[in-house]
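Remarks on the structure that follows.
The values are calculated or read from the model by the stated rules, or taken from the named source; none is laboratory data. Source: prediction; values computed, not measured. All Cβ positions, even for glycine, are placed from backbone atoms using ideal geometry, and neighbour counts span all protein chains on display. For the accessible areas, the whole protein counts, side chains as well, though only heavy atoms, and no ligand, DNA or RNA atoms are used. Shrake-Rupley method; radii C 1.70, N 1.55, O 1.52, S 1.80 Å.
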Number of protein chains: 2
Amino acid sequence: MRRGEETRSRILEVAEAAVLAKGFGGTSIDELIAETGITKSGFFYHFRDKNELAKALLQRYIENDERIYDDIFGRARELMDDPLQAFLLGLKLLSELLSDLPNGHPGCLVAAFCYYERLFDHEIQMINRDAALAWRRRFSLMFEEIMAIYAPRLPLDADQLADMLSSVLEGGIVLSKALREPNSLANQILIFRSFVKLLFSSD
Amino acid sequence: MRRGEETRSRILEVAEAAVLAKGFGGTSIDELIAETGITKSGFFYHFRDKNELAKALLQRYIENDERIYDDIFGRARELMDDPLQAFLLGLKLLSELLSDLPNGHPGCLVAAFCYYERLFDHEIQMINRDAALAWRRRFSLMFEEIMAIYAPRLPLDADQLADMLSSVLEGGIVLSKALREPNSLANQILIFRSFVKLLFSSD
DNA sequence: TGCCTCCTGCACTGACAGTACAGTATTGCC
DNA sequence: GGCAATACTGTACTGTCAGTGCAGGAGGCA
């Protein structure tokens, strides 16, 4: 019972790193069991097939991702009375968190799975879609709170701004990987942050 | 001579669509030769191995990508005397081009290959890096031209703004794929465009 | 006529995703 | 202590896939 869960999560941990580095199609089960120290039968005891591994991997990643955002923006909201200041602090904290990763962001599974879509079943595609919609909802709520107080200098709605933040995050990950400049992502977040500041400035 | 080139480019065309839909690891050579109508030996006559296919695929994609940007921003520059107006027109043309694609952007090979990096040789990783650096150079030159005339409202340099545009493009592709909203990318470009307008407005 | 380009056909190898199923060690519960 | 569920191991197999090696053939062109 307890031991089973531990083995399962060890497989997922090894698999996540491998998938982010080599893609899902480039990650073999044989390789995962070798690194985890179990047998093939053991692997298939935990996951019916590779698709089920993908599903578990994605769900685990999304849960962790949400927890990180809850922590960062929750803490920022507690520290600041003003929603704009809280959001700006949250972005700052996020960029600092990413700067502290020595090898940069390891990659986003949602993005990795976007480029593998046709080989996954419909359920995984929906989990991926829900994750992107959750980002939109999360950030959109923050922008709505800000807009209740501050008038933006551009006629943008909260959803558009939320999607822009998601885009900058996802694109920043891709770009920092392609450029081999781990700090590029944290930098992009700060630039977006100063844009938000400008957008809601009364000057 | 002529016939060989034609077969080779037919393979590349089929392969590009497959790789963007299923990832490189999820695309089999058997599948490519079935769709192209040649034999396995024929495939290996044109490409030594799958890595060389990847290289040719990436180079072809980047050349095409550069040609599109040359066309769009070149035309915009001819139509407008002012570099800011030319850039804003270019972004508008780009978003319209992407809106006209019925299924949305098919995906960026540079991004797809980022999530497969460890299985490619060093050369491919460098081609990918050069492509991202070329985007930076291209957009940076435009921002420099703009900044020679207009003072930005934020203390950003041209490279940072260039990388932000690349991020929005790459992230917009990922997000529109994840959300299954093909128009999301074009929308993001227009939002970035209005940010640029605000940044260089004298108001 | 002969060489070069552009393939086809065939017969392999080794890695990998499963499938099937029998057996076993450990653990929790009654 | 016995029993059953959990969490595996071991073995043996299938089909797909990347890649190798090599012989040979069709068509163009010099």
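Output the residues belonging to segment B:112-126 that are surrounded by 15 or more Cβ atoms within 10 Å (Cβ to Cβ) and more than 10 Å from chain A (Cβ to nearest Cβ). It would help to see each step written out before you state the result.
First, pick out the residues of segment B:112-126 that are surrounded by 15 or more Cβ atoms within 10 Å (Cβ to Cβ): B:112-117, B:119-120, B:124-125.
The answer is B:I124, and nothing else.
Assess whether A:I38 counts as being surrounded by 15 or more Cβ atoms within 10 Å (Cβ to Cβ), farther than 21 Å from A:V196 by Cβ and more than 16 Å from DNA strand D (Cβ to nearest atom). Before you say what the answer is, go through the steps one by one.
On the way: surrounded by 15 or more Cβ atoms within 10 Å (Cβ to Cβ): yes; farther than 21 Å from A:V196 by Cβ: yes; more than 16 Å from DNA strand D (Cβ to nearest atom): no.
For A:I38, the condition - surrounded by 15 or more Cβ atoms within 10 Å (Cβ to Cβ), farther than 21 Å from A:V196 by Cβ and more than 16 Å from DNA strand D (Cβ to nearest atom) - is not met.
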(request) Please state which of the following conditions A:E144 fails to meet, knowing it meets all the rest: (1) surrounded by 15 or more Cβ atoms within 10 Å (Cβ to Cβ); (2) under 22 Å from B:Q160 (Cβ atoms); (3) more than 9 Å from chain B (Cβ to nearest Cβ). (result) (2)
(message) Consider segment B:21-35. How many of its residues are among the hydrophobic types (A, V, I, L, M, F, W, C) and open to solvent by 60 Å² or more (accessible area, probe 1.4 Å)?
(response) 1
(request) Looking at (1) at the interface with another protein chain (Cβ under 7 Å from one of its Cβ atoms); (2) buried (at least 24 other Cβ atoms within 10 Å of the Cβ), find the lone condition where A:L185 falls short. (result) (1)
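Which members of segment A:14-34 meet the condition of being within 12 Å of DNA strand C (Cβ to nearest atom) and either among the hydrophobic types (A, V, I, L, M, F, W, C) or more than 14 Å from chain B (Cβ to nearest Cβ) (or both)? Give the derivation first.
First pass over segment A:14-34, keeping only residues within 12 Å of DNA strand C (Cβ to nearest atom): A:15, A:18-19, A:22-34.
Selection gives A:A15, A:A18, A:V19, A:F24, A:I29, A:D30, A:L32, A:I33, A:A34.
Quick check on A:L190: is it hydrophobic (A, V, I, L, M, F, W, C) and open to solvent by 10 Å² or more (accessible area, probe 1.4 Å)?
Taking the combined requirement at face value, the residue satisfies it.
Of all residues in segment B:161-171, how many are at the interface with chain A (Cβ under 7 Å from one of its Cβ atoms) and either touching a residue at least 40 places away in the same chain (Cβ under 8 Å) or among the aliphatic types (A, V, I, L, M) (or both)?
In the first step, residues of segment B:161-171 are kept if they are at the interface with chain A (Cβ under 7 Å from one of its Cβ atoms); the result is B:163-164, B:166-171.
Now drop any that are not either touching a residue at least 40 places away in the same chain (Cβ under 8 Å) or among the aliphatic types (A, V, I, L, M) (or both), which leaves B:164, B:168-170.
Residues in segment B:161-171 being at the interface with chain A (Cβ under 7 Å from one of its Cβ atoms) and either touching a residue at least 40 places away in the same chain (Cβ under 8 Å) or among the aliphatic types (A, V, I, L, M) (or both): 4 in total.
Taking segment B:147-180, which residues are polar (S, T, N, Q) and open to solvent by less than 20 Å² (accessible area, probe 1.4 Å)?
Going residue by residue through segment B:147-180, those that are polar (S, T, N, Q) are B:160, B:166-167, B:176.
Within segment B:147-180, B:S166, B:S167, B:S176 qualify.
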(request) Output the qualifying pairs, or none if there are none: Cβ atoms under 8 angstrom, residues six or more apart or on different chains, first residue in segment B:4-20 and open to solvent by 30 Å² or more (accessible area, probe 1.4 Å), second residue more than 13 Å from DNA strand D (Cβ to nearest atom) and aromatic (F, W, Y). (result) B:E16/B:Y61
(message) Exactly one condition in (1) within 13 Å of chain B (Cβ to nearest Cβ); (2) away from DNA strand C (no atom under 11 Å from the Cβ); (3) β-branched (V, I, T) is false for A:I11; which is it?
(response) (1)
(request) With the condition kept exactly as written, say whether any residue in segment A:129-140 is open to solvent by 60 Å² or more (accessible area, probe 1.4 Å) and more than 19 Å from A:I62 (Cα to Cα). (result) no
(message) Looking at (1) within 13 Å of DNA strand C (Cβ to nearest atom); (2) away from every other protein chain (no Cβ under 14 Å); (3) open to solvent by 30 Å² or more (accessible area, probe 1.4 Å), which one does B:E63 not meet, given that it meets all the others?
(response) (1)
(message) Looking at A:G107, A:G74, can you tell me which residue is under 13 Å from the mean Cα position of the chain (by Cα), among the small types (G, A, S) and open to solvent by less than 40 Å² (accessible area, probe 1.4 Å)?
(response) A:G107
